[in-house]
Every structure is written in C-alpha cells, then in structure tokens.
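J.: Take this structure first; my questions come after.
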Amino acid sequence: MELSAGEARLIRARIAVLGAIGVVLALAASEIFDHRQWDLLLAPLVPAITALFTCRRQAILRVVGGVASVAVAVGLVVQLANGARADVLVAFTSGGQRLMSTEWPSPATAELLGTTATVLAGATAVAAELARHRRWHMLPILPFLVVYVVIIGTSAPGGVRLVWLVPIGLLTVVFATLRPGAGLGERATLLVGERRLIPLIVAAGLVAGLVSLPLSLTARADPRQNDGPARSAAILEPIEAMLAIRDIQPPRPLYRVEGDDVVKVQRWRTAALEEYDGRRWAPAVTIRPLGRTLGPVTGETVQVDIYVLDDDLALLPLPGSPVTIEALIQTDESRTVVRIDERIDAETAVRVRSNVTPVRSTIDPDTVVRREIDDNVSGLADIAAALAGEGTLIEQLERLEQRMRDNFVLDSDATGGGLQRALIERFVRVTQRGNSEQFATAFVLLARALGIEARVATGFIAEPVDGVVTLRSADVKAWPEVLTTDGWIAFDPVPSEEISDAAPPPDEPSEQTPAAPQPPDQPSPESDSDDTADEATDAADSDDRISGRAAWIGGVGLFLLLVVAPLALIALLILLAKRRRRRRRLAAPVAEDRVRGAWALATDALVDAGGAFNPSLTDSEIAVDGSALLPDAQTELARLASMSSAATYGDPAEPGALAVEAVECLTAVEAALRSSAGRLRRIQRRLSLRSLRASTRSPVLA
C-alpha cells in the first residue's frame with residue numbers, strides 16, 4: 001500500500017519513538033555486564049535509521065533492509081569490541097548458549113556483545129515494520145517487552161532495575177498517541193485539543209517511577225543454567241602441576257606482584273582442593289567465564305598489579321577471595337581458582353583487588369566451621385585426638401600443627417611419599433617422615449577427623465622485597481587451610497628444615513603401594529563417541545533455539561517471505577559441523593589417532609565428491625577406488641591409506657612425524673579435489689551432506 005506524504009511522516013515519527021525505546025533497552029542491557037557498554041547503542045539505532053529511509057518502499061525491500069541492518073549493527077558492535085569475523089557468526093548461532101553459560105556479570109567479550117546486539121537489533125527491526133499497521137497499533141511494543149524480560153533474566157542476580165520503566169513508559173504513551181491512519185499534521189491538531197493527554201503522560205511517568213523506586217530484590221542465585229561448562233586441564237591435578245613447576249631447574253620467576261599492599265601478604269593461592277578420593281586431591285572444578293567483578297568485600301582488601309612472566313601459566317595467584325580482576329577470566333562458583341582467559345604479555349599488569357586471608361590471632365575460636373566425620377577419615381579419629389589434645393578447636397589445631405612440626409620429619413625423598421590413603425596413614429602412625437604434600441594432606445585429614453572443615457591449598461609463599469614480590473618456581477608450596485565464619489585461615493605443619501641424612505625406618509614388606517603420586521586415570525575408549533554425542537547434542541540444541549526464534553518471528557507474520565536466510569543458516573550449520581569434525585580429528589592427543597583422522601577426512605572429501613565405498617573395504621582398497629576421483633594426487637592418497645593402516649594395526653617408530661606427513665598428504669588430496677572442479681561444484685561439495693549421513697558417509701571412523 002502506497003503511503004501519502006503525511007502518513008509517511010507519521011510512520012517515521014512512530015519509528016523514531018520505537019528507536020528511542022530501543023536505545024533505552026540498550027542502556028538497560030549493560031546491566032548484563034559489569035560496566036556500561038556504549039557500543040550497544042548502535043544495535044537499535046542502525047535498524048531504526050534504516051527503517052526511516054525504507055518506510056515507503058515495497059515490503060520485500062523493507063524486509064531485506066531490515067535483515068541487512070541487523071547484520072550491519074551486529075558487525076559494528078563486534079568490530080568496536082575488537083572482535084573477529086567468527087564472533088559475528090557466533091552471535092547469530094551459539095552466542096545465546098555462551099551468554100547463558102557465563103556467570104553474572106558476564107564478560108564483555110566480542111561474541112557476547114554481538115549476541116546482545118542481535119537481540120536488540122532484531123527487536124527494533126521487527127517493531128519498525130509492525131509500526132505501519134493500523135490494526136496492530138500497539139503491537140510494535142511487544143518485541144521490546146520480550147527483550148526487557150530477557151534483560152531482566154540475564155542480569156537477574158543484580159536485581160530488577162525497574163527504573164528503566166520510567167523512560168519506557170513515557171515513550172510508550174507518546175507512541176500510543178501516534179495512531180496510524182492520518183497525517184502527522186492531522187494527528188497533531190487532534191492531540192492539541194485532547195485535554196486528557198497531558199494528565200495521562202504525567203500519570204504514566206508517576207506510576208512508572210513509583211513502581212521502580214521502592215521495589216528491590218534480595219540477593220538470589222543466578223537462574224541461568226550452565227550449558228556446556230569449560231574445564232581446564234591445568235587445574236584438574238594441581239598437586240601434580242605444583243610438583244612439576246617446583247622441579248624446574250634452574251628455578252625461574254613466574255609472577256611479579258607490585259603494589260603498596262604486597263607487604264600484607266605472604267601466601268598467594270592458585271587453587272584450593274576439597275575433594276579427596278583416597279588416592280589424590282582431584283577437584284575437577286567447573287569454570288565459567290565471568291566479568292571483572294567476582295565477589296563482595298568481606299574484610300580487609302589489597303590492590304596489587306600482577307605480571308605473568310611465563311606464557312604457559314594460566315592460574316592467577318591471589319591472597320584471598322577475589323573482588324575485582326581487570327582481565328578476561330574464568331572461575332568456579334566458590335572462586336577456588338581463577339584462570340586467565342586471554343594471553344597477557346610480561347609487560348602488561350593485571351590489576352587485582354582481593355580480600356586478605358584472616359590472621360589466625362584475630363579469629364574467635366567459636367567461629368571454626370564444623371563438618372561431619374565421614375568414613376574417609378573416621379579411622380584417624382584416635383590418632384587425631386591424641387595429637388590434638390583437649391581445648392577449643394583453635395587450640396586443638398594449633399597443638400596438632402606444633403606436634404607435627406616438632407615430632408615429624410620432613411624428607412622430600414622419603415619412601416612411600418605418595419598421597420594414597422594407606423601411605424598417609426602409614427606416615428601418621430608409623431614413619432612420621434614424609435614430604436610437604438604429605439604433611440598438608442595429613443593435617444587436613446586429621447582436622448576432618450576432629451570434625452573441622454579443612455582443605456589443601458596450593459600456591460606460592462614468598463616475602464616482598466622493596467615493595468615487589470617475585471613468585472619463583474622454587475616458592476611453590478602446599479599448605480592446609482581451615483574454614484571459619486570469617487574465611488579460610490592457613491596453617492603450617494611442615495618443619496622449617498628438611499632432614500634427609502637420617503636413616504629412614506625399614507620398609508614394611510607387606511606394603512606394596514607405589515612410592516610416587518599416581519597419574520590421573522586414562523580416558524575411556526568411548527571418549528570419541530562421547531565427543532560425537534556431545535556434538536550431536538550441541539547441534540540439536542542449536543537447531544532447537546533457531547527453530548524457536550523462527551517460530552516466534554513467524555507468529556508475528558513478518559518473515560514468511562524470507563527464503564534466503566534459512567538456506568544460508570542451514571549452509572552455515574553444515575560448514576560448522578564439518579569444521580568442528582576436522583578440528584577434533586586433527587587435534588587428537590595421540591599421534592596415531594591424528595593419522596587415522598587425516599585418512600577419515602580424506603575419505604569424507606571423496607564421499608562428498610561423489611565417491612561410494614563399501615563398509616567391508618580395506619584402506620588400500622578404498623584408495624584404489626578413490627583414485628578415479630583424484631587423478632592428480634593418487635600417490636598421496638595411497639600413501640595416506642598405508643599410513644592409516646600402519647597407525648591402526650602396527651607400531652610406528654615415530655608416530656609424531658607420521659602424523660605430520662599424514663596432514664601433508666591430506667592437504668595435497670584436498671587441493672587436488674578443489675582444482676578438479678569448478679566453483680559451483682566446489683560449493684556443492686562443501687555443503688554436501690553425504691559425509692554426514694550414516695547411510696552414505698565414509699566407512700573410515702577416526
């Protein structure tokens with residue numbers, strides 16, 4: 001329907017008001033993060049401005065313009081956040097999952113800002129198109145209400161900031177007065193004679209203000225679910241990692257800490273371990289991305305600058321529970337570890353504000369937290385009571401600490417120096433001679449046998465020099481900590497000097513336990529199938545979210561004309577699935593698996609090119625059949641097949657070199673396939689589903 005000049009001006013006025021509402025929501029969306037994100041203002045502005053210029057165009061041009069404006073807005077927000085092209089794709093696909101899997105406040109990364117911009121820009125584009133219809137006079141407000149609810153949900157732990165309802169309410173009243181059906185001049189003349197307009201606007205503002213001021217929610221848990229938590233191998237075995245760092249020769253500096261408050265701290269904790277399974281301390285904590293605000297101030301705090309001097313380090317040493325960290329990090333719910341989520345050079349400081357571990361002398365004995373004595377430590381109750389004696393819990397712990405320091409012997413090379421339950425009990429009851437890790441573990445288990453909450457901490461112990469603390473590999477330590485209502489306090493049961501020249505007691509012949517800490521359990525053979533299942537689940541979840549979004553938009557009746565966007569989305573999902581499969585196969589931890597993965601990728605490429613292979617064929621037979629599709633790389637294909645057979649059934653002398661050569665052969669095969677087909681044929685092969693379907697895919701499984 002062609003609009004007259006007056007009607008077009010009225011529609012533009014309605015779109016301008018909707019753009020203003022979108023700007024307010026963009027400001028409110030900053031509550032998702034821990035500081036104001038001004039770049040988000042582009043998300044509603046770009047679609048609104050585009051709609052102003054296209055409001056008199058045909059429907060198909062308006063829709064194309066709206067879709068393009070959303071893409072441009074998201075691209076600009078990601079670009080201003082120093083993001084990459086891949087972050088834009090994440091914003092339109094799995095960005096929602098990533099946003100939901102972060103704690104609040106969410107980190108202001110490019111893909112999360114792009115995801116937020118996608119929601120804001122999409123709502124503005126939909127509302128601008130709905131603003132043309134007289135029958136759906138107030139319906140354009142609905143997308144913004146949905147977005148406002150989403151903002152409340154994703155920033156829920158911060159409380160509902162209903163103050164944003166004041167400008168939204170006023171703008172909604174203004175929008176309600178601009179009903180389509182007449183020119184802007186006629187509408188203005190009509191409203192001038194409407195005596196109830198001014199009282200209505202004033203009443204709307206007062207109601208919104210009164211609702212927003214007195215209502216505040218108490219602190220509550222984050223309702224968002226953790227979809228796909230991240231795990232860090234560096235924190236799965238902190239004791240073993242600590243031993244590896246301490247054995248570095250010659251010792252080298254790992255961190256440098258500067259600031260006026262460093263004199264208040266001697267212990268810098270990197271991990272805290274509470275789960276002991278009878279063999280080792282293995283927390284396997286779940287870590288998630290988080291913004292710079294990590295927790296509240298609970299007592300005395302320090303503010304320091306930490307320099308990471310080794311690129312291989314990821315865990316940040318802290319003097320207590322963190323408050324703020326000026327870097328992209330990942331952490332667990334209890335803040336027992338803080339992992340740096342970005343590469344930081346040795347010249348860049350990480351500004352940290354942290355609580356300080358309470359001083360033991362200031363702790364009230366009645367504040368020590370009790371715990372139930374479980375079966376894991378009940379057998380140590382008698383020796384714990386004998387060593388701790390009588391008195392308050394603090395007095396018992398201090399007596400236990402002192403008797404271990406005075407009566408036990410520190411020997412890093414002691415026989416039976418592992419952390420298994422039998423070795424620890426032998427250390428406490430028989431030899432009383434062990435390494436520092438056994439001292440810390442034994443103290444924690446004895447404290448738990450007394451009914452006291454305790455854990456093992458790993459980190460560094462170092463003294464400041466001229467306002468600077470240099471944490472070296474030789475400063476790595478493990479120590480026990482006890483929980484009080486004021487926080488965790490440290491104990492030191494390890495003797496100050498090591499005695500290694502005294503004759504150790506004879507070994508008991510019945511003891512057959514290993515003398516070294518046991519390595520972590522090997523992953524099960526089904527890990528590959530689990531990864532595949534996880535990929536299928538992630539893809540299904542992504543499809544469900546996309547289908548839900550399409551259903552919501554389709555309910556409005558706006559995007560029924562779109563054909564290109566769904567096809568492009570399907571193509572993107574196919575490419576992402578193949579890319580993930582390729583990355584998983586070529587990044588396998590075992591070299592033989594990488595060789596087999598390269599051969600599987602080569603046969604997948606042949607299947608997408610039209611090849612069909614019987615499941616009973618051997619690798620060499622597959623290579624012979626595939627040669628017809630690959631005239632320029634038959635030698636590389638045959639070589640890759642033989643390497644795959646050798647990796648599967650043989651024992652290669654240099655599997656690492658074999659894996660490198662396999663990747664080179666794979667590259668040659670793929671290049672030959674590309675050169676043998678035109679552009680359209682290459683696109684068809686890249687989007688082919690034959691290598692993904694069970695009925696047509698390659699019989700080679702990596």
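J.: In this structure, does ARG279 turn out to be part of a loop (DSSP other than H, G, I, E, B), open to solvent by 20 Å² or more (accessible area, probe 1.4 Å) and among the basic types (Lys, Arg)?
T.: Yes: the conditions hold for ARG279.
J.: So for the range 390-406 (the condition being open to solvent by less than 30 Å² (accessible area, probe 1.4 Å) and among the small types (Gly, Ala, Ser)), does at least one residue qualify?
T.: no
J.: Tell me, please, whether a residue that is in contact (Cβ under 8 Å) with a residue 40 or more places away in the chain, open to solvent by 40 Å² or more (accessible area, probe 1.4 Å) and more than 19 Å from LEU328 (Cβ to Cβ) can be found in the range 286-296.
T.: No - not one qualifying residue is present in the range 286-296.
J.: Moving on. Hey, among ALA641, ALA588, ALA612, which residue is in contact (Cβ under 8 Å) with a residue 24 or more places away in the chain and in a helix (DSSP H, G or I)?
T.: Only one candidate qualifies: ALA641.
J.: Given the structure, is ALA110 touching a residue at least 40 places away in the same chain (Cβ under 8 Å) and buried (at least 19 other Cβ atoms within 10 Å of the Cβ)?
T.: no
J.: Sticking with this one: Give the residues of the range 301-337 that are hydrophobic (A, V, I, L, M, F, W, C), more than 18 Å from LEU483 (Cα to Cα) and assigned to a strand (DSSP E or B), sorted by residue number.
T.: Residues satisfying the conditions are VAL302, VAL304, ILE306, VAL308, LEU315, VAL323, ILE325, ILE329.
J.: May I pose another question? Go through the range 50-62 and report how many residues are open to solvent by 30 Å² or more (accessible area, probe 1.4 Å) and either touching a strand residue (DSSP E or B) at 6+ places or on another chain (Cβ under 8 Å) or not in a helix (DSSP H, G or I) (or both).
T.: Of the residues in that region, 3 qualify.
J.: Could you list, in sequence order, the residues of the range 63-122 that are in contact with a Pro (Cβ under 7 Å, 6 or more places away or on another chain), in a helix (DSSP H, G or I) and among the small types (Gly, Ala, Ser)?
T.: Passing the criteria: GLY66, SER69, ALA73, ALA121.
J.: Another question, then. In the range 366-378, what residues are exposed (fewer than 14 other Cβ atoms within 10 Å of the Cβ) and either of a type in the set (Asp, Glu) or assigned to a helix (DSSP H, G or I) (or both)?
T.: ASP366, GLU372, ASP374, ASP375, SER378 - these are the residues of the range 366-378 that are exposed (fewer than 14 other Cβ atoms within 10 Å of the Cβ) and either of a type in the set (Asp, Glu) or assigned to a helix (DSSP H, G or I) (or both).
J.: Would you mention how many residues in the range 405-415 are part of a helix (DSSP H, G or I) and either more than 25 Å from ASP247 (Cα to Cα) or at pLDDT below 90 (or both)?
T.: The qualifying residues number 2.
J.: Take the residues of the range 566-580 that are of a type in the set (Gly, Ala, Ser) and touching a residue at least 40 places away in the same chain (Cβ under 8 Å): which is least open to solvent (accessible area, probe 1.4 Å)?
T.: Per the criteria, the residue is ALA571.
Let's see how each residue does on (1) among the aromatic types (Phe, Trp, Tyr); (2) modelled with pLDDT of 90 or more:
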position	(1), (2)
GLY22	no, yes
LEU27	no, yes
GLU31	no, no
TRP38	yes, yes
ALA48	no, yes
LEU61	no, no
VAL70	no, yes
ARG85	no, no
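J.: Can you tell me which residues in the range 129-143 are in contact with a helix residue (DSSP H, G or I) (Cβ under 7 Å, 6 or more places away or on another chain), open to solvent by 10 Å² or more (accessible area, probe 1.4 Å) and either of a type in the set (A, V, I, L, M, F, W, C) or in a helix (DSSP H, G or I) (or both)?
T.: GLU129, TRP136, MET138, LEU139, ILE141, listed by residue number.
J.: Search the range 383-410 for residues that are among the hydroxyl-bearing types (Ser, Thr, Tyr) and pair each with any residue that is open to solvent by 20 Å² or more (accessible area, probe 1.4 Å) when their beta-carbon atoms are under 7 Å apart and the residues are at least 6 apart or on different chains.
T.: Close Cβ pairs satisfying both conditions: THR392/PRO365.
J.: For GLY418, only one of the following conditions fails: (1) open to solvent by less than 30 Å² (accessible area, probe 1.4 Å); (2) in a helix (DSSP H, G or I). What is its number?
T.: It is condition (2) that GLY418 fails.
J.: Being open to solvent by 10 Å² or more (accessible area, probe 1.4 Å) and either basic (Lys, Arg) or more than 17 Å from SER354 (Cβ to Cβ) (or both) is the filter here, so list the residues in the range 479-496 that pass it.
T.: LEU483, THR485, ASP492, VAL494, PRO495, SER496, listed by residue number.
Residues checked against (1) over 22 Å from ARG581 (Cα atoms); (2) out of contact with any Ser or Thr (no Cβ under 7 Å at 6 or more places or on another chain); (3) hydroxyl-bearing (Ser, Thr, Tyr); (4) surrounded by 22 or more Cβ atoms within 10 Å (Cβ to Cβ):
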position: VAL624; (1), (2), (3), (4): yes, yes, no, no
position: LEU640; (1), (2), (3), (4): no, yes, no, yes
position: ALA647; (1), (2), (3), (4): no, yes, no, yes
position: GLU654; (1), (2), (3), (4): yes, yes, no, no
position: VAL669; (1), (2), (3), (4): no, yes, no, yes
position: LEU680; (1), (2), (3), (4): yes, yes, no, no
position: SER688; (1), (2), (3), (4): no, yes, yes, no
position: ALA694; (1), (2), (3), (4): no, yes, no, no
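J.: How many residues does the range 665-699 contain that are touching a residue at least 24 places away in the same chain (Cβ under 8 Å), more than 15 Å from ALA609 (Cβ to Cβ) and not hydrophobic (A, V, I, L, M, F, W, C)?
T.: 1
J.: Here is a follow-up. Condition first: part of a loop (DSSP other than H, G, I, E, B), farther than 23 Å from ARG639 by Cα and either in contact with a Cys (Cβ under 6 Å, 6 or more places away or on another chain) or not small (Gly, Ala, Ser) (or both). Can you find one or more residues in the range 669-687 that meet it?
T.: Checking the range 669-687: at least one residue is part of a loop (DSSP other than H, G, I, E, B), farther than 23 Å from ARG639 by Cα and either in contact with a Cys (Cβ under 6 Å, 6 or more places away or on another chain) or not small (Gly, Ala, Ser) (or both).
J.: Could you tell me how many of the residues in the range 1-33 are under 21 Å from LEU76 (Cα atoms), of a type in the set (D, E, K, R) and surrounded by fewer than 19 Cβ atoms within 10 Å (Cβ to Cβ)?
T.: Residues flagged as under 21 Å from LEU76 (Cα atoms), of a type in the set (D, E, K, R) and surrounded by fewer than 19 Cβ atoms within 10 Å (Cβ to Cβ) within the range 1-33 amount to 0.
J.: Consider LEU313 against the criteria (1) open to solvent by less than 30 Å² (accessible area, probe 1.4 Å); (2) hydrophobic (A, V, I, L, M, F, W, C); (3) under 29 Å from THR441 (Cα atoms); (4) more than 15 Å from the chain's Cα centre (by Cα): it satisfies all of them except one. Which criterion is unmet?
T.: It is condition (1) that LEU313 fails.
J.: I'd like the full set of residues that are of a type in the set (Ser, Thr, Tyr) and over 16 Å from VAL17 (Cα atoms), limited to the range 124-155.
T.: Answer for the range 124-155, where residues must be of a type in the set (Ser, Thr, Tyr) and over 16 Å from VAL17 (Cα atoms): TYR148, THR154, SER155.
J.: Shifting gears a bit: Is it the case, given these coordinates, that ALA131 is among the small types (Gly, Ala, Ser) and in contact with a Pro (Cβ under 6 Å, 6 or more places away or on another chain)?
T.: Taking the combined requirement at face value, the residue satisfies it.
J.: Quick test for you: out of LEU99, LEU120, pick the one residue that is hydrophobic (A, V, I, L, M, F, W, C), crowded, with 20+ Cβ neighbours inside 10 Å and either at pLDDT 90 or above or farther than 27 Å from THR324 by Cβ (or both).
T.: Only one candidate passes the filter, namely LEU120.
J.: Just name the residue that is farthest from the chain's Cα centre (by Cα) out of those in the range 421-467 that are of a type in the set (D, E, K, R) and either modelled with pLDDT of 90 or more or surrounded by 22 or more Cβ atoms within 10 Å (Cβ to Cβ) (or both).
T.: ARG429
J.: Among THR532, THR513, which is touching a Lys or Arg at 6+ places or on another chain (Cβ under 9 Å), open to solvent by 60 Å² or more (accessible area, probe 1.4 Å) and either part of a loop (DSSP other than H, G, I, E, B) or modelled with pLDDT under 85 (or both)?
T.: Just one listed residue meets the conditions, THR532.
The values are calculated or read from the model by the stated rules, or taken from the named source; none is laboratory data. All values derive from a computational prediction rather than experimental measurement. We place every Cβ from the backbone using ideal geometry, glycine too, and count neighbours over all the protein chains shown. Heavy atoms of the whole protein, side chains included, go into the accessibility calculation; ligands, DNA and RNA do not. Shrake-Rupley method; radii C 1.70, N 1.55, O 1.52, S 1.80 Å.
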